[in-house]
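A short write-up of the structure that comes next.
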Amino acid sequence: MKAAAWTLRLLTLALLAVYLIRPETFAAALAPLAPAGAPAVYTQSSVLELAAIHVAIAAVATVLATAAALALAVFATRPAGSAFLPLFRSVANAGQTFPPVAVLAIAVPSVGFGEAPTLIALTLYGVLPVFENALSGIEGVSPAVLDAARGAGLSPRQELLEVELPLALPAILSGVRLSAVIALSTATIGSTVAARTLGEVVIAGLATNNLAYIVQGAAAIAALTVLISDALGALERWAARRAGRG
Amino acid sequence: MITIERLTKRYDDDVVVDDVSLEIAEGAIVAVVGASGSGKTTLLRMINRMVEPTSGRVLIAGEDTRATAPHLLRRSIGYAIQGHGLFPHRTIAENVATTPKLLGWDKARIEARVDELLSLFGLEPAIYGPRRPHQLSGGQQQRVGVARALAAFPRVLLMDEPFGALDPIVRAKAQADLRAIQRKLGVTVVLVTHDMDEATSLADRIAIMERGRLVQEATPVEVLTHPATQFAADMFGADERPFRLLSLKSVADLTQPGEAGGEPIAADADRREALAALLWSGRAAAPVTGAGGERLGIVTLARLVEAAAAKAR
């Protein structure tokens with residue numbers, strides 16, 4: 001079972017690497033999908049570069065979203081901030097109800113075309129999963145543990161950094177993984193506002209009616225997302241073991 | 001050691017602790033008992049400022065607790081609670097080292113103290129030190145909780161139903177251990193409990209709380225024989241009072257000259273055990289033996305029954 005999972009992971013990684021470095025390797029395989037006379041492999045720009053930008057945008061958005069969500073969650077769980085909890089919840093929820101395309105459409109007039117509006121949309125999108133998970137992680141710390149921490153003489157700051165956050169880490173990481181997956185898949189749409197991501201390949205395929213482009217772009221995005229989600233999942237399980245739940 | 005002066009805690013119009021004054025002697029074990037909602041836990045938590053009093057003050061060794069920041073104050077006061085509250089992400093050794101680490105002890109001193117405490121509580125440091133709390137039994141976790149509370153040589157140990165989650169056999173062992181360790185370390189213990197057996201067997205003095213007020217503070221014998229209120233009398237249960245009274249003293253001073261057969265009773269056994277032994281074996285008297293097994297005399301059923309009466313004091 002474990003061996004099969006590893007074989008699958010390595011195979012996915014190998015295929016993705018080959019496609020990104022030498023996409024023409026798949027020319028013969030993709031040719032039946034391309035319209036007659038049209039190229040089967042996307043070569044207008046380097047797919048490796050597109051993949052790098054794709055991952056970079058998603059990573060920056062996830063980091064920004066995580067930082068914002070953690071700050072909100074920590075503040076909302078302090079005595080001084082508890083009154084703001086319902087407000088933060090509804091703001092984070094509202095961020096999630098906008099379709100990403102709508103956020104892009106609103107962002108473009110103010111920041112222009114390119115990567116910037118995509119980054120804004122992805123960041124807004126990423127806040128809610130981390131916020132909700134961090135909240136439930138922090139609120140899930142046993143009251144007896146917190147009581148004992150205070151009783152042992154930890155300051156409020158030490159209580160947060162040494163007890164609450166380490167114990168909430170598995171939940172927080174689970175939110176980060178969700179957020180990263182959403183960012184990786186939604187970054188694709190960024191290509192509609194000229195962000196250079198792997199979505200460009202899919203959109204080029206849609207524009208020229210080239211199924212080969214659509215398939216290779218979608219497959220590359222899917223493989224990238226699955227691999228990153230898998231790696232973050234492993235990190236999450238490691239943190240859960242460290243938090244004493246393994 | 002601890003002086004509680006006119007301590008009151010009010011939540012809006014709800015008076016949880018009402019004008020309580022109490023003097024706790026150094027090295028004593030004081031059990032605070034009462035029904036749930038009587039304010040006993042709140043009283044305890046005001047001592048280490050987990051709850052801030054509405055009015056009144058607490059002095060520890062003559063020093064007002066308000067003179068120190070709460071988290072610094074708590075480093076000098078042990079605190080053990082029901083359900084132990086061990087940090088699940090830390091090893092047993094790290095858990096015990098919590099307060100010494102906060103106080104900035106050096107590594108060697110912390111290690112030595114952790115080993116000493118784990119040994120004291122019957123947990124082999126090399127085996128249990130590196131484990132996580134979830135790998136220990138309930139009784140072991142509870143002992144680690146008390147060891148952690150004692151790590152930084154506190155002058156005062158506050159305990160809130162520390163044995164509440166343990167099964168009766170493990171609890172009896174934990175209570176005996178606490179008594180022995182307390183005698184050894186000389187720490188002043190304030191113990192909140194609703195278990196009257198625990199209170200009478202462990203405590204030097206019992207403080208009875210009723211609806212936020214301290215209604216009686218006296219030795220277990222006084223509380224049993226001269227309860228200040230109906231509630232104080234009811235706490236012990238009318239059907240159990242004579243037996244609790246018997247359990248407070250040993251058979252040594254009931255021993256009289258004479259001869260009796262059957263299984264002997266140790267002089268340091270409590271009177272309740274002696275009565276049970278006589279009733280169970282259907283004898284009117286039993287021989288009493290000293291620590292070395294020598295005959296000291298006999299104890300009779302009649303003397304035990306007499307000693308169980310409240311007016312005998």
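The values are calculated or read from the model by the stated rules, or taken from the named source; none is laboratory data. Since we're looking at a predicted model, the values are computed, not measured. FYI the Cβ positions are ideal-geometry reconstructions off the backbone, even for glycines, and counts take in every protein chain you see.
Just a few scattered comments:
- Residues located in region B:103-136, provided they are at the interface with chain A (Cβ under 10 Å from one of its Cβ atoms) and exposed (fewer than 14 other Cβ atoms within 10 Å of the Cβ): B:134, B:135
- Filter result (assigned to a helix (DSSP H, G or I), aliphatic (A, V, I, L, M) and touching a helix residue (DSSP H, G or I) at 6+ places or on another chain (Cβ under 6 Å)) within region A:22-49: A:30, A:33, A:47, A:48
- In the condition set (1) among the polar types (S, T, N, Q); (2) within 14 Å of chain A (Cβ to nearest Cβ); (3) over 24 Å from the mean Cα position of the chain (by Cα), residue B:54 is compliant with all but (2).
- Here region B:44-102 is the region considered, the condition is being among the basic types (Lys, Arg) and assigned to a helix (DSSP H, G or I), and the residue that is surrounded by the most Cβ atoms within 10 Å (Cβ to Cβ) is B:74.
- Residues satisfying the stated conditions in region A:150-159, i.e. out of contact with any strand residue (DSSP E or B) (no Cβ under 6 Å at 6 or more places or on another chain), in a helix (DSSP H, G or I) and either at the interface with chain B (Cβ under 7 Å from one of its Cβ atoms) or among the polar types (S, T, N, Q) (or both): A:150, A:158
For (1) under 16 Å from residue B:34 (Cα atoms); (2) over 11 Å from the mean Cα position of the chain (by Cα); (3) assigned by TED's automatic domain parsing to the domain that holds residue B:20, each residue gets a yes or a no:
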site: B:158; (1), (2), (3): no, no, yes
site: B:170; (1), (2), (3): no, yes, yes
site: B:178; (1), (2), (3): no, no, yes
site: B:199; (1), (2), (3): yes, no, yes
site: B:208; (1), (2), (3): yes, yes, yes
site: B:214; (1), (2), (3): yes, yes, yes
site: B:219; (1), (2), (3): yes, yes, yes
site: B:255; (1), (2), (3): no, yes, no
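For (1) touching a His at 6+ places or on another chain (Cβ under 9 Å); (2) among the hydrophobic types (A, V, I, L, M, F, W, C); (3) without any contact (Cβ under 8 Å) to a residue 40 or more places away in the chain, each residue gets a yes or a no:
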site: B:29; (1), (2), (3): no, yes, no
site: B:40; (1), (2), (3): yes, no, no
site: B:55; (1), (2), (3): no, no, no
site: B:64; (1), (2), (3): no, no, yes
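- Region B:1-31, residues that are in contact with a Pro (Cβ under 6 Å, 6 or more places away or on another chain) and aliphatic (A, V, I, L, M): B:7
- If you check A:77, A:62 for being buried (at least 20 other Cβ atoms within 10 Å of the Cβ), β-branched (Val, Ile, Thr) and either out of contact with any Pro (no Cβ under 6 Å at 6 or more places or on another chain) or at pLDDT below 95 (or both), only one passes: A:62.
- Residue in region A:162-171 that is under 30 Å from residue B:73 (Cβ atoms), surrounded by fewer than 22 Cβ atoms within 10 Å (Cβ to Cβ) and free of Cβ contacts under 8 Å to residues at least 24 places away in the same chain present: yes
- Where helices (runs of 4 or more DSSP H) sit wholly within region B:162-260, those with at least 1 residues that are under 28 Å from residue B:14 (Cα atoms) and touching a residue at least 40 places away in the same chain (Cβ under 8 Å) occupy B:196-202, B:230-236.
- In region A:95-104 there is at least one residue that is away from chain B (no Cβ under 14 Å), outside any helix (DSSP H, G or I) and in contact with a Phe, Trp or Tyr (Cβ under 9 Å, 6 or more places away or on another chain).
- Per the listing B:61, B:69, the residue uniquely out of contact with any helix residue (DSSP H, G or I) (no Cβ under 9 Å at 6 or more places or on another chain) and either at the interface with chain A (Cβ under 10 Å from one of its Cβ atoms) or within 16 Å of residue A:153 (Cβ to Cβ) (or both) is B:69.
- Out of A:145, A:141, one residue alone is within 11 Å of chain B (Cβ to nearest Cβ), under 23 Å from residue B:149 (Cα atoms), outside any helix (DSSP H, G or I) and not polar (S, T, N, Q). It is A:141.
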